[in-house]
Every structure is written in structure tokens, then in C-alpha cells.
Amino acid sequence: MPPPDRLSALDAAFLDLETARAPLHVGWTLKLDGPPPSVAALRRHIDARLDALPRFRRRVVGQQWVDDAGFDVARHVHGMTLAAPGGHGELRALAGRLLGRPLDMDRPLWRLARIDGLAGGGWAIVGQAHHALVDGIAAVQVAMLLFDGVEAEPSTWTARPAPAAARVAQTGATRAARTVVGALRKPVLPAREVRAAADAISRPAAATALDRSLTHRREVAFADAPLEDLRVAGRRHGATVNDVVLAASSLALGRALQRRGDRPQSVKALVPVNTRAGEAGELGNDISFVTVDLPTRETDPLTVLRAVRDATRACKESGEARPLRALAQAADLLPSFGRRLVTRAAARAAAFNVVISNVPGPPQDLTLLGRRLTAMHPAVPFLHGHALSIGVLSYSGRLQAGIYADADVLPDAVDVARDLEQALDALRVGHREQAPTPWRRRASTRRGDVQRAKR
């Protein structure tokens, strides 16, 4: 009999930290071309691929994933029709309502809604999977398995009985012993590195109007920009695409705060860092975090980009993410009660104003049931006491962003998306060689005439 499928400490942390106002699921809004498939066809398509994703048929019992004996894909894949007139505003409103609903903890922790009724044709999917089930990278890997191009064999799945408590305890003890042995064999991180990482994550952040939770309801909005232009724009200043995303976010956040009468010198962004080395389709969480100061009072795009570039370089050179990942792995040694205490203490100590995530997605076009995927906008969860995340995903040559906000704190999420798109455009266009205007050409000619006369 295979060993129990246990949650890691980091997986369980996302369950421990969830509150009524802060559901901690990863979400996404997909837009697709063509006629919408029937809900029955979509259910068959997805169910045929779940053998490769066993946790999508499992629920959490204690500290492990256990097969859901009553699993039915119909409980997880639903159909909905967009309210008239079926425009962008109606899709954002419906996505916000769906993404604000917590998942049923007595069932496998995911849900999809197929949405028709879009003006101009096409259809959409709004989906959720709990952060205990997937992190951002795993969510993209899962999506790749669900789209066309992956051969699915007929499923022979039947639910396995839950393992006996004694076996679970024995497996847990064996796993803890192996973790201890592995830790002893590896070089111990210097205490100064751990202290420096803890200091960075807990360094105070400016108090802003965004640092609160008022409702579970969510406001969502979307933005996108050409990926290659942004990559070139960043490269000219020694910056990465991630630096460009953070700089544009800083400019958009500055405007959002200014609308609220806030003018902090900077805000602190919590940025997930991928530490995954497993195979595609491996679920769970393998991430760490760094914090980056964003100069929100600065309005010049190039100045902001250079400041962000220098800040992220400092994070990389300090190795800030490595000790935090080691601490998360060490938490696997703790009993569940101790792990919850450590998790909640760490969450209280972490100081930040916004979550910003940038995940690489597939560079090629994807199809689902023969319909082309045209856009995929992520929704990144945030902890209680916060109100905003900015998630960015690259797909088919575009950077596609999702603004995900507490609906009572940030009802103007669509303005944040507009400002983010404008900031990305300013960073992209500002680095191009622009053709001189007629008056600049005349001035250059006059300067050349004067220089020749002096010779």
C-alpha cells in the first residue's frame, strides 16, 4: 500500500492562515475563442486528466491528503451565463464574485466555472485551487496538463481507503527522521544569514490605506502588454522582466495611494520566489519569499526602474530567499500544534503592503477542446490584514496581469489595472529610439551649420 500523502508545513500553513475575509486560493480567469463547449464535455475532458493529478481527487484530513470516496467532477465543474450585455465589466464582476467564495474544505480543494454569454463570442473559465494544493508555478504546470496536446488514457481510478492512524503516525515519524538526517548531512545555514532574512521580512513597512481586510468579496481587473518589448526595455538598463513588472507596479500603486491621500516614500512588496526543482505536474508548494521596497512617491519611470533593479540585485546577492526556505522546511519537523503557532507568529511578524507575483507561462498558444486560449489572468491570494495583490503571467508573447483586491478597500481595481498598463507602456516606449520631430531636425541642422562655420 502506498504511503500516506502528507501536507508539507508550507502547504498546511496556507490552511492555517486562511480567514473568513482572506480565503487563500489561487485563481485565474481564462478567455477562449470559439463556441463554448457543453459543461458535460468540459467535465469529461477534465476528469480524463485527473489520474495525472491525484490530489485533485483528494481532500484534506488532518495532515494528509485522502481520496474523496464521493468524488464527482460535477461538484467541481459548473456552467454559468454572463449577465447582459456580457461585456468586460460583467466578466470582471462575475470573476470577482466567484473568486471571493471560499472552497469547501470537505471536498477536493478546487473549482471551475465555464462561462458563456460573452458579447462578441467566445467563452471564459474562472477557476480556483487552494494554495495548499498549488503554488503559482504548480498552477501553470497543472494547466498545461489540462489543455489539449496531452494524451489521456481512460481512467480506472477508484478511491483508496484512508490509511489507519497508526500507519500515518509511523510514516510521519519516518519522514521526520529522514528530514533530520538530511538536515545534519547538509551544511547548516550561518545564523547571520537566517537573522538577516528574518530582519528583511519583518522590517517595518509604511502604514497605508491598503493594510486592512474588510470583506471576502473580491474586485478583479486585467491588464496586458507585449513581453518582448518589455524584455528589451529592461535589458537596456540591466534589468529583468520581473524588475519591469515591479517598477510598473510601483507607479500604479503610487497613483492608487495618491487617490486615497497617501504619499508614502515607499511601500514594501512581498514577492514569491520559485524554489521548485521537481517534475511538471508536481503539486504542493515549493516557494520562498523576498521583500522589495517600491519607491511609490517617485513618478519618473526610468528612475523607478533603476531603483527597483538595484533593490532586487541586493536581494539576490544577500540570498534572502534561501534561509526562509530552509526555515519552512525545518517546520516539517514540528507537530501540527507547534507548526500552527510558528506559522501564525511568522505571519504576524511579516511586514508588507502588497503581494506581487510574476510567473513564467507557456510561450506557445494553447487550446482546450479545440478552442484557442486568448488570455489567462491570475489571481494571487493575500493574507488577512491586506487588500491587494498583482499577479503577472507570461503567455504567447504577452504579459498578462490580474489585479485582485478586497472589494471594500479597493473598489477602483480597474483603475489600478489601467495605471499598471500605462506604466508598462511608458517603460516600454520610453526605451525605444524615437524618430526626431521636425523642430528637432531643424535644430540639429542649425547646430551642424554653426559647427561647420567654426571650422
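The values are calculated or read from the model by the stated rules, or taken from the named source; none is laboratory data. Quick caveat, the model's predicted, so the values are computed rather than measured. A quick note on method: Cβ atoms are made from the backbone with ideal geometry, for glycine too, and the neighbour counts reach across all protein chains shown. Side chains are part of the model used for accessible areas, which takes the heavy atoms of the whole protein and leaves out ligands, DNA and RNA. Shrake-Rupley method; radii C 1.70, N 1.55, O 1.52, S 1.80 Å.
Pairs meeting the criteria (first residue in segment 408-422 and touching a residue at least 60 places away in the same chain (Cβ under 8 Å) and at positive phi, second residue open to solvent by less than 70 Å² (accessible area, probe 1.4 Å) and assigned to a helix (DSSP H, G or I), beta carbons under 8 Å, at least 6 apart or on different chains) are lacking.
Within segment 393-409, can one find any residue that is among the small types (G, A, S), touching a Leu at 6+ places or on another chain (Cβ under 7 Å), surrounded by fewer than 16 Cβ atoms within 10 Å (Cβ to Cβ) and modelled with pLDDT of 95 or more? Checked segment 393-409: at least one residue is among the small types (G, A, S), touching a Leu at 6+ places or on another chain (Cβ under 7 Å), surrounded by fewer than 16 Cβ atoms within 10 Å (Cβ to Cβ) and modelled with pLDDT of 95 or more. Of all residues being at pLDDT 95 or above and out of contact with any Ser or Thr (no Cβ under 8 Å at 6 or more places or on another chain) in segment 264-301, which is surrounded by the most Cβ atoms within 10 Å (Cβ to Cβ)? Just the residue, please. Top of the filtered list is P301. Among the residues of segment 183-204, some residue qualifies, meaning at least one is more than 30 Å from F71 (Cα to Cα), at pLDDT 65 or above and in a loop (DSSP other than H, G, I, E, B). Suppose the filter is open to solvent by 60 Å² or more (accessible area, probe 1.4 Å), of a type outside the set (F, W, Y) and within 23 Å of R217 (Cα to Cα); does R92 pass it? So R92 passes the test.
Which residues, counting only those in segment 388-404, are closer than 16 Å to E228 by Cβ and among the β-branched types (V, I, T)? Show your work before the answer.
First pass over segment 388-404, keeping only residues closer than 16 Å to E228 by Cβ: 392-400.
Across segment 388-404, the qualifying residue is only V392.
Checked against the criterion of being in contact with a His (Cβ under 9 Å, 6 or more places away or on another chain) and closer than 21 Å to V140 by Cα, segment 54-73 contains one or more residues that satisfy it. Kindly evaluate N353 against the criterion of being of a type in the set (S, T, N, Q), open to solvent by less than 70 Å² (accessible area, probe 1.4 Å) and modelled with pLDDT of 95 or more. Against the criterion (of a type in the set (S, T, N, Q), open to solvent by less than 70 Å² (accessible area, probe 1.4 Å) and modelled with pLDDT of 95 or more), N353 qualifies. Within segment 357-392, if we keep just the residues that are more than 18 Å from L99 (Cα to Cα) and assigned to a strand (DSSP E or B), the residue that is modelled with the lowest pLDDT turns out to be V359.
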